[in-house]
Amino acid sequence: MSEVKISAEPRTEFGKGGARRTRRAGKVPAVLYGHGEKPKHIALPSREFAAAIRKGGANQLFAIEVSDGTQVLALPKAIQRDPIKDTFEHVDLLLVRRGEKVTVEVPVQLTGEAARNTLIVHDHDTLSVTADATKVPDHLEASIEGMEAGTQVTAADVQLPAGVELAADADQTVASVTAAPTAEQLEATMPEAEQADAEAEAGVGEATAEASEGAESGAPTAGQETAEAKAQA
């Protein structure tokens with residue numbers, strides 16, 4: 001993965017108020033840390049950062065040039081997003097050096113098609129691997145081509161690029177192939193709530209029909225009986 005050059009500014013305002021003002025200015029609050037150095041608070045341009053993450057993924061390597069003259073390489077360690085606006089709220093960036101090994105979570109993509117009448121259950125969408133900080137893959141691949149129900153894809157089955165080592169347990173399940181339910185099984189497992197709703201609707205319909213029949217025959221309804229009883233009393 002190639003590094004992305006991005007400019008940054010030192011950040012002097014902290015707390016929720018300072019972060020809000022930074023975001024209103026079109027920047028993302030961030031902090032640089034690692035290698036035993038004192039954390040450095042910076043602000044990144046929102047558009048450039050978002051574009052880099054969209055293209056390179058959450059493990060995009062950044063060559064950051066701070067306006068105070070600082071130049072560093074960093075990997076996103078934690079990214080906070082607004083769940084509604086899908087904007088970046090805050091970023092933790094880990095300082096790295098060329099040739100340094102880092103352990104990161106990398107997305108796993110399944111390739112191929114499993115056997116007919118099967119479903120794929122994703123147990124883990126990412127896998128922990130160790131790689132050169134400047135050569136972290138944007139994704140890993142594992143084939144499910146022709147797999148029958150009951151088959152599992154483990155971490156050991158995932159294809160690793162040269163120089164990338166598995167950090168997760170080799171037996172960790174990445175995905176499982178299961179038999180697709182039949183139409184009869186789907187009908188048999190209809191949620192009880194739906195059945196209860198259907199029964200309730202039927203009950204309401206019967207009650208309405210009885211009330212209508214009573215009104216047509218001249219028989220007093222429960223409300224009318226109560227009113228007549230009060231009048232007699």
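The values are calculated or read from the model by the stated rules, or taken from the named source; none is laboratory data. Just so we're clear, the structure is a prediction, and the values are computed from it rather than from any experiment. A quick note on method: Cβ atoms are made from the backbone with ideal geometry, for glycine too, and the neighbour counts reach across all protein chains shown. Just so you know, the surface numbers come from the protein's heavy atoms only, side chains and all, with ligands and any DNA or RNA stripped out. Shrake-Rupley method; radii C 1.70, N 1.55, O 1.52, S 1.80 Å.
Of the residues LEU75, LEU32, LEU44, the single one that is under 11 Å from ILE6 (Cβ atoms), part of a strand (DSSP E or B) and at pLDDT 95 or above is LEU44. THR134 meets the conditions (1) surrounded by 10 or more Cβ atoms within 10 Å (Cβ to Cβ); (2) of a type outside the set (A, V, I, L, M); (3) more than 30 Å from GLN60 (Cβ to Cβ); (4) modelled with pLDDT under 95 in every case but one. The failed one is (3). Is it true that LYS85 is open to solvent by 60 Å² or more (accessible area, probe 1.4 Å) and not in a loop (DSSP other than H, G, I, E, B)? No: the conditions fail for LYS85. In the range 84-96, the condition of being of a type in the set (Lys, Arg), more than 30 Å from GLY36 (Cα to Cα), over 24 Å from the mean Cα position of the chain (by Cα) and modelled with pLDDT under 95 is met by no residue.
When you look at LEU160, is it more than 30 Å from GLY26 (Cα to Cα), open to solvent by less than 20 Å² (accessible area, probe 1.4 Å) and touching a residue at least 24 places away in the same chain (Cβ under 8 Å), yes or no? Talk me through it step by step, then tell me what you get.
On the way: more than 30 Å from GLY26 (Cα to Cα): yes; open to solvent by less than 20 Å² (accessible area, probe 1.4 Å): no; touching a residue at least 24 places away in the same chain (Cβ under 8 Å): yes.
No.
Determine if the range 121-130 includes at least one residue that is free of Cβ contacts under 8 Å to residues at least 24 places away in the same chain and surrounded by 15 or more Cβ atoms within 10 Å (Cβ to Cβ). Checked the range 121-130: at least one residue is free of Cβ contacts under 8 Å to residues at least 24 places away in the same chain and surrounded by 15 or more Cβ atoms within 10 Å (Cβ to Cβ). What do you reckon, is GLU3 under 28 Å from the mean Cα position of the chain (by Cα), under 25 Å from SER128 (Cα atoms) and of a type in the set (Asp, Glu)? Answer is yes for this residue. Filtered by the rule that a residue be crowded, with 16+ Cβ neighbours inside 10 Å and β-branched (Val, Ile, Thr), the range 54-78 gives ILE64, VAL66, VAL72.
Among the residues making up the range 40-90, those that are in contact (Cβ under 8 Å) with a residue 60 or more places away in the chain, among the hydrophobic types (A, V, I, L, M, F, W, C) and closer than 18 Å to PRO107 by Cβ are LEU61, LEU75.
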